[in-house]
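Okay, so here's the structure we're looking at.
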Amino acid sequence: MATTTEIFGVKIERNPPESKLTELDIASWPKEIEVDWENRWGCSPSKFPWTFTAKETMYLLEGKVKVYCEGHDGYFEIGAGDLVEFPKGMNVTWDVIEAVNKHYSLEK
């Protein structure tokens, strides 16, 4: 069963139903891979800062990340099976615990 939460302004839906993934057409979104650097990037375990220059919705196929949001204490985790929406302008630090493989969509 899907559960939706909002943490520090980030929307997280854990285990969304297949019908929602189909409705969003996630299969057509770019997918991160480590060997193709055109509009894609891979992410092995590492820690780095990131600024979302557009609203980004992502669906994690694999991996686990601790996300630290600027201006907030603590962190939250996202991982495989999560549909996550980060608002434009958000500054975070990604602490990638397990290599990430995801589909993503940037709002234009």
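Averaged over its residues, the chain has an accessible area of 59 Å² per residue, based on protein heavy atoms and a 1.4 Å probe. Atom-type composition of the exposed protein surface of the chain places 50 percent of the accessible area on carbon and sulfur (1.4 angstrom probe).
Candidate cross-link partners of K55 among the lysines, defined by an alpha-carbon separation under 16 Å and a same-chain spacing of 8 or more, comprise K11, K88, K102, K108.
Over the chain, DSSP H runs of length four or greater, each weighted -39,500 (n - 2.57), average out per residue to a 222 nm ellipticity of -1500 deg cm²/dmol.
Estimated at 0.36 nm per residue, the fully extended path between K47 and I7 surpasses their Cα-Cα distance by 12.4 nm.
Using all pairs of distinct alpha-carbon atoms, the Kirkwood hydrodynamic radius of the chain works out to 14.1 angstrom.
The values are calculated or read from the model by the stated rules, or taken from the named source; none is laboratory data. All values derive from a computational prediction rather than experimental measurement. Just so you know, the surface numbers come from the protein's heavy atoms only, side chains and all, with ligands and any DNA or RNA stripped out. Shrake-Rupley method; radii C 1.70, N 1.55, O 1.52, S 1.80 Å.
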